[in-house]
Amino acid sequence: MPVVGTPVTGNNAGVDITMDDIRGVILDWPQYNLLLDDVQFTNAEISRAARLATDRFNAMPPRTSHSVSSFPNRFVLVMGAVGLLSMGESFRQARNQMTYQAGDITPIGIDDKAALFAQLKADAWNEFLRVSREWKTQDNLESCFGGLGSGYAYSSAYSTYWR
């Protein structure tokens with residue numbers, strides 16, 4: 001039986017993130033958006049959220065210079081983008097919130113889900129920040145190995161002692 005190898009790339013190889021990756025997590029498809037009968041977020045809004053999440057990741061210490069196409073982990077980027085999209089939607093909902101009541105009918109709200117979107121933002125954004133910090137810490141620790149040597153490595157006492 002032949003052995004089939006899958007190439008392994010380093011942490012900086014980047015991921016191929018698509019609109020479907022982000023839409024798939026939040027189920028932003030017309031068939032699930034019964035009241036909209038369309039997607040909730042445009043491709044431009046999703047792209048902007050991914051770029052801003054990348055910028056936030058890059059600003060965390062140690063600073064990096066990834067782009068969306070060279071981002072090291074798909075999950076982290078998706079959580080950041082989802083957090084920013086939810087935050088934007090919570091702002092929009094709060095700005096446009098209106099409750100209407102006619103007679104004895106229960107009040108009907110339009111754009112009254114700002115608190116729900118704020119909670120969704122908090123969950124996704126906190127996950128983004130937590131995993132980003134773990135990723136950055138691990139990447140920083142791994143970059144130290146092999147790069148730090150001892151000043152005694154090339155001294156005559158070191159060479160004599162170990163022979």
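Details
- ALA115-ALA102 pseudo-label distance in nm [points 7 Å out on the Cα-to-Cβ vector]: 2.6
- For the peptides 61-73, 82-94, 16-28, residues were scored by their other Cβ atoms within 10 Å and the scores averaged per peptide; the highest-first order is 82-94, 16-28, 61-73.
- Using 0.36 nm per residue and subtracting the Cα-Cα separation, the extra length available between SER69 and SER47 on full extension is 6.8 nm.
- Within the shell of other residues whose beta carbon sits under 14 angstrom from the beta carbon of SER132, the net charge comes to +2, with Lys and Arg scored +1 and Asp and Glu -1.
- Stokes-Einstein D in µm²/s, Kirkwood radius over Cα pairs - the stretch 46-127 at 20 °C with 1.002 mPa s viscosity: 151
- Net charge over other residues, Cβ less than 14 angstrom from the Cβ of MET60 (K, R count +1; D, E count -1): +2
Every number in this text was worked out from the coordinates using simple rules, so none of it is lab data. What you are looking at is a predicted structure, and each value in this text was computed from that prediction instead of being measured. Because the Cβ atoms are built from the backbone with ideal geometry, glycine has one as well, and the counts that use them run over all protein chains shown.
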